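Student: A single structure is presented below for examination.
The values are calculated or read from the model by the stated rules, or taken from the named source; none is laboratory data. Remember, predicted model here, so these are calculated numbers, not experimental data. A quick note on method: Cβ atoms are made from the backbone with ideal geometry, for glycine too, and the neighbour counts reach across all protein chains shown.
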């Protein structure tokens with residue numbers, strides 16, 4: 001349904017005296033299928049949100065430019081869409097659930113006005129039909145007294161309620177594909193669990209394609225069919241959730257999975273990945289993870305491509321990928 005082909009994105013130059021591109025995402029390719037959930041995983045600063053926003057061309061007003069590649073929605077390039085087609089696609093065919101529910105809603109407009117704006121834009125409904133549609137959506141995401149809720153303002157809602165409103169808004173125009181960017185980050189654990197179950201149920205009932213942007217492998221295990229691990233602007237491993245979880249091939253994937261509290265004995269220090277994600281433009285010349293990798297050697301200094309690991313039917317960007325079987 002949606003294919004990202006060799007996408008590269010550049011940030012604005014750091015100073016007025018330089019016009020050099022600062023590449024933030026490089027040669028990224030993903031295939032996203034109808035009815036399946038793809039998890040895009042990595043630490044903050046890896047380029048996950050930039051990639052997700054590029055699907056809707058949301059970064060352009062901030063000076064983020066495409067320097068190569070394409071994104072195809074049912075074989076149509078989103079970068080070739082005119083303004084009218086692009087507005088219909090945003091929220092109509094592809095919707096996004098933004099991170100930080102406490103700030104994603106406009107505080108000066110009621111819930112009803114924000115929901116009805118989306119419905120009026122994409123569906124040919126009169127005022128009462130649009131209102132009833134909004135009420136049904138709020139009820140579908142588990143919010144009671146939905147008619148009264150339409151009159152409320154975001155500051156009167158809890159974080160969990162706001163996130164449910166954002167999910168309802170994303171579903172309001174019957175989109176085929178949903179981008180969920182860290183949808184549970186600002187919520188407490190009990191609310192997170194309910195939101196995860198709600199998203200998964202809605203995705204299955206409607207047969208939606210979904211891209212779930214997260215740093216949480218536990219969430220990937222609960223929600224996703226496929227997973228792509230991203231580091232320093234590129235995909236370092238991709239495959240089905242079963243293959244990647246059972247046979248993680250890239251050292252970065254294994255390190256991220258090893259940091260999960262639930263797999264470490266109580267009372268023991270949590271493992272950490274030493275160092276930080278390098279800023280765009282400061283990546284290592286070869287394997288970008290090599291400066292933080294305990295297994296790096298001279299072979300990692302050259303350019304590393306994604307290797308097909310035929311036994312497990314997934315790919316990893318590591319020259320030592322076969323050695324992962326013994327790890």
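Student: Being out of contact with any helix residue (DSSP H, G or I) (no Cβ under 8 Å at 6 or more places or on another chain) and closer than 14 Å to residue 43 by Cβ is the filter; apply it to the range 256-275 and report the residue that is surrounded by the fewest Cβ atoms within 10 Å (Cβ to Cβ).
Tutor: My answer is 272.
Student: Still on this model: From the set of residues in the range 287-312 that are touching a helix residue (DSSP H, G or I) at 6+ places or on another chain (Cβ under 6 Å) and in a loop (DSSP other than H, G, I, E, B), which is modelled with the lowest pLDDT?
Tutor: 312
Student: Separate question: With the requirement that a residue be touching a strand residue (DSSP E or B) at 6+ places or on another chain (Cβ under 6 Å) and more than 12 Å from residue 99 (Cβ to Cβ), what does the range 202-216 give you?
Tutor: If the condition is that a residue be touching a strand residue (DSSP E or B) at 6+ places or on another chain (Cβ under 6 Å) and more than 12 Å from residue 99 (Cβ to Cβ), then 203, 208, 209, 210, 211 are the ones that fit.
Student: Can you tell me which residue within the range 188-197, out of those that are modelled with pLDDT under 85 and more than 17 Å from the chain's Cα centre (by Cα), is surrounded by the most Cβ atoms within 10 Å (Cβ to Cβ)? Break it down stepwise before answering.
Tutor: Pass one, the range 188-197, residues modelled with pLDDT under 85: 188-195.
The next check asks that each one be more than 17 Å from the chain's Cα centre (by Cα); those that pass are 188-191, 193-194.
Numbers: 188: 11, 189: 7, 190: 9, 191: 18, 193: 13, 194: 15.
Checked the range 188-197; the qualifying residue surrounded by the most Cβ atoms within 10 Å (Cβ to Cβ) is 191.
Student: Which one of 249, 232 is under 22 Å from the mean Cα position of the chain (by Cα), buried (at least 20 other Cβ atoms within 10 Å of the Cβ) and over 30 Å from residue 195 (Cβ atoms)? Talk me through it step by step, then tell me what you get.
Tutor: On the way: 232 fails: over 30 Å from residue 195 (Cβ atoms).
It is 249.
Student: On the basis of being closer than 22 Å to residue 183 by Cβ, at pLDDT 90 or above, surrounded by 15 or more Cβ atoms within 10 Å (Cβ to Cβ) and in contact with a strand residue (DSSP E or B) (Cβ under 6 Å, 6 or more places away or on another chain), does residue 50 make the cut?
Tutor: Yes, satisfied.
Student: Output yes when any residue across the range 171-179 is surrounded by 19 or more Cβ atoms within 10 Å (Cβ to Cβ) and closer than 17 Å to residue 102 by Cβ, and no when none is.
Tutor: No, the range 171-179 contains no residue that is surrounded by 19 or more Cβ atoms within 10 Å (Cβ to Cβ) and closer than 17 Å to residue 102 by Cβ.
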